Amino acid sequence: MISDTVAVGVLTFLGTGTATAAGLWQWQRAQAREARAQFRTQRVEALREVWEALSDLEEAQRTSLTGGPAVADPRLTQVNLLLLRRSPFLRPDEQEWAQAFAQHVTEIDTLIRAQALDGQPDPEWWHTTAQGPRSMGVLATAAGELQLLRRKLGKRYAAVVRGDSD
């Protein structure tokens with residue numbers, strides 16, 4: 001038969017092993033929770049940076065139409081580099097929306113500038129019976145898509161900041 005000392009030793013060993021395993025499991029859970037919290041913080045920061053960069057791009061495009069230089073090259077490059085750098089924290093649909101947003105801002109800027117260079121009717125053309133600019137349909141479509149993308153990105157950004165979405 002097994003002596004009492006051996007039985008106590010086996011039970012002590014099993015208890016120590018169980019306590020160690022439970023402690024390790026709790027430590028791993030705490031590490032995973034901390035990693036998730038850090039990722040969420042970085043994701044919120046990435047969305048904030050993308051939102052601000054896209055808003056700055058659109059603002060620059062709108063203000064440059066009053067006679068400033070085209071915004072397409074330097075700001076668009078900055079947005080694209082930001083999307084590359086922050087891509088681990090953005091979902092594929094968010095990256096797609098942001099790229100399309102930047103593309104539509106550039107497209108609108110290009111169409112408006114081309115229209116001005118071609119001697120198209122003045123901005124008040126709709127008050128007259130004159131035919132509208134040829135690019136008006138494309139411009140209106142791009143503007144509509146831009147507003148849709150702004151709403152999508154804004155809702156996602158707000159949801160992530162509130163903690164409603166990952």
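The values are calculated or read from the model by the stated rules, or taken from the named source; none is laboratory data. This structure is a prediction, so every number in the text was calculated from the model and none was measured. Here Cβ is always computed from backbone atoms with ideal geometry, including for glycine, and neighbour counts include all displayed protein chains. Side chains are part of the model used for accessible areas, which takes the heavy atoms of the whole protein and leaves out ligands, DNA and RNA. Shrake-Rupley method; radii C 1.70, N 1.55, O 1.52, S 1.80 Å.
Numerical summary
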{"item": "For the range 15-95, accessible area per residue (1.4 Å probe, heavy atoms of protein chains only), Å²", "result": "65 Å²"}
{"item": "Solvent exposure ordering (accessible area, 1.4 Å, most first) of 164, 4, 56", "result": "4, 164, 56"}
{"item": "Within-13-Å neighbourhood charge of residue 65 [Cβ basis; K, R +1; D, E -1]", "result": "-1"}
{"item": "Equivalent ellipsoid dimensions for the range 2-50 as semi-axes, Å, which come from the Cα gyration tensor, largest first", "result": "47, 4, 4"}
{"item": "Ranked order, 97, 25 - accessible area, probe 1.4 Å, largest first", "result": "25, 97"}
{"item": "Rg/Rg_ref, the range 1-92, where Rg_ref = 2.2 N^0.38 Å and atoms are Cα", "result": "2.31"}
{"item": "Which of 13, 39, 101, 89 is most accessible, then next, and so on - probe 1.4 Å", "result": "13, 39, 89, 101"}
